[in-house]
1. Take segment 98-115 and flag every residue that is open to solvent by 70 Å² or more (accessible area, probe 1.4 Å), part of a helix (DSSP H, G or I) and either within 18 Å of residue 198 (Cα to Cα) or not hydrophobic (A, V, I, L, M, F, W, C) (or both).
2. Of the conditions (1) without any contact (Cβ under 8 Å) to a residue 24 or more places away in the chain; (2) aliphatic (A, V, I, L, M); (3) open to solvent by 80 Å² or more (accessible area, probe 1.4 Å), residue 176 fails just one. Which one is it?
3. Which condition does residue 146 not pass, out of (1) over 15 Å from the mean Cα position of the chain (by Cα); (2) closer than 20 Å to residue 81 by Cβ, if it passes all the others?
4. Pick from segment 123-157 the residues that are β-branched (Val, Ile, Thr) and closer than 13 Å to residue 216 by Cβ: which of them is modelled with the lowest pLDDT?
5. Scan the helices (runs of 4 or more DSSP H) fully inside segment 121-192 and keep the ones with 3 or more residues being under 20 Å from residue 109 (Cα atoms).
6. Could you tell me how many of the residues in segment 198-249 are farther than 17 Å from residue 151 by Cβ, within 19 Å of the chain's Cα centre (by Cα) and open to solvent by 50 Å² or more (accessible area, probe 1.4 Å)?
7. Given the options 55, 62, 22, name the one that is at pLDDT 75 or above, more than 30 Å from residue 206 (Cα to Cα), open to solvent by 80 Å² or more (accessible area, probe 1.4 Å) and among the hydroxyl-bearing types (Ser, Thr, Tyr).
8. Can you pull out the residues in segment 54-95 that are touching a helix residue (DSSP H, G or I) at 6+ places or on another chain (Cβ under 9 Å), hydroxyl-bearing (Ser, Thr, Tyr) and in a helix (DSSP H, G or I)?
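The values are calculated or read from the model by the stated rules, or taken from the named source; none is laboratory data. This is a predicted model, so every value here is computed, not measured. Cβ: placed from backbone, ideal geometry, glycine included. Neighbour counts: every protein chain shown. Protein only, heavy atoms only, side chains kept; ligands, DNA and RNA dropped before computing areas. Shrake-Rupley method; radii C 1.70, N 1.55, O 1.52, S 1.80 Å.
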Amino acid sequence: MNKKLETVLSKEPSRRVQYSITGAILLILLVSSSPALGGANMTSKGFEIGWNILTGIFTPDTSLLFGLGDRGVAYLILQTIAIAFLGTLVGAVIAVPLSFISATNIVPRPVVLVTRFIIMAIRTVPSLVYGLMFIRVTGPGPFAGVMTLAIVSIGMISKLFIETIEDLDTGILESLDAFGSTLFQKIRYGILPQLGSDFISILVYRFDMNLREATILGLVGAGGIGAPMIFALSAYHWHQVGAILIGLFLLVFIVEILSDKLRQKILHG
């Protein structure tokens with residue numbers, strides 16, 4: 001038995017050269033990336049600020065953490081959730097038709113090339129850049145955050161929707177074609193029944209991401225809990241920073257658990 005195994009293994013192609021080349025490439029990339037670490041200039045002041053932030057987490061501003069006004073953490077968390085939800089919803093409404101006319105098994109290839117170029121162009125720009133642009137157009141506030149997340153969501157949701165649509169059971173579509181069904185009839189009766197659970201799972205995942213994006217966008221003035229945090233950091237109000245960070249942790253923790261359970265429920269029943 002051992003001799004047979006040795007014979008089989010001896011016939012396997014040697015991957016030593018492949019592994020050596022891969023290791024050499026990784027080493028080159030690691031060495032070429034090391035200058036990026038040269039910008040880290042930690043000083044005693046930096047360590048002091050880091051310690052103050054850590055202290056603020058363990059001694060938060062309780063009036064901010066448990067306050068129920070429009071400056072309390074609870075209100076800011078609700079505003080962040082609202083921004084993420086509306087951004088996901090608006091992005092999905094635009095992404096659904098865009099993804100259908102970008103799938104090669106639904107529409108002709110020339111149309112696919114145009115729509116996929118639009119999706120790629122949308123996905124190229126970082127969310128912070130979109131946030132800064134919308135702040136200039138609409139002014140700072142939650143509306144800028146909603147529009148930013150909507151645009152950012154279009155790119156990712158469309159990409160995942162397209163992949164799901166192109167993995168469809170084509171037999172159903174061929175049957176509908178044989179009956180002379182229109183494009184909208186194929187989508188209504190042949191595609192949506194197959195894709196409902198997958199679409200909802202993708203939207204839940206994007207909403208989970210948008211919650212984190214909404215926090216970051218708040219740092220540039222696009223509403224949500226990030227804006228008070230940057231103000232507290234700028235004013236060295238470490239106890240307020242601690243209260244906001246605790247609120248963020250609880251928000252992400254709870255949403256992570258709920259979104260995972262919802263996705264499992266959708267996918268596995």
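1. Taking segment 98-115 and keeping what is open to solvent by 70 Å² or more (accessible area, probe 1.4 Å), we get 108-110, 113-114.
From what's left, part of a helix (DSSP H, G or I): 109-110, 113-114.
Once the filter is applied, which keeps residues that are open to solvent by 70 Å² or more (accessible area, probe 1.4 Å), part of a helix (DSSP H, G or I) and either within 18 Å of residue 198 (Cα to Cα) or not hydrophobic (A, V, I, L, M, F, W, C) (or both), segment 98-115 yields 109, 110.
2. Exception for residue 176: condition (3).
3. (1)
4. Looking only at segment 123-157, we keep the residues that are β-branched (Val, Ile, Thr), and these are 124-125, 129, 135, 137-138, 146, 148, 151-152, 154, 157.
Right, trim to closer than 13 Å to residue 216 by Cβ and you get 129, 148, 152.
Working: 129: 86, 148: 89, 152: 90.
Selected residue: 129.
5. Numbers: elements: 127-138, 142-166, 170-178, 183-186.
By residue number, 142-166, 170-178, 183-186.
6. 5
7. Numbers: 55 fails: open to solvent by 80 Å² or more (accessible area, probe 1.4 Å); 22 fails: open to solvent by 80 Å² or more (accessible area, probe 1.4 Å).
That would be 62, the only listed residue that is at pLDDT 75 or above, more than 30 Å from residue 206 (Cα to Cα), open to solvent by 80 Å² or more (accessible area, probe 1.4 Å) and among the hydroxyl-bearing types (Ser, Thr, Tyr).
8. Of the residues in segment 54-95, the ones touching a helix residue (DSSP H, G or I) at 6+ places or on another chain (Cβ under 9 Å) are 54-74, 76-77, 79-95.
Pick out the ones that are also hydroxyl-bearing (Ser, Thr, Tyr) and you get 55, 59, 62-63, 80, 88.
Answer for segment 54-95, where residues must be touching a helix residue (DSSP H, G or I) at 6+ places or on another chain (Cβ under 9 Å), hydroxyl-bearing (Ser, Thr, Tyr) and in a helix (DSSP H, G or I): 55, 62, 63, 80, 88.
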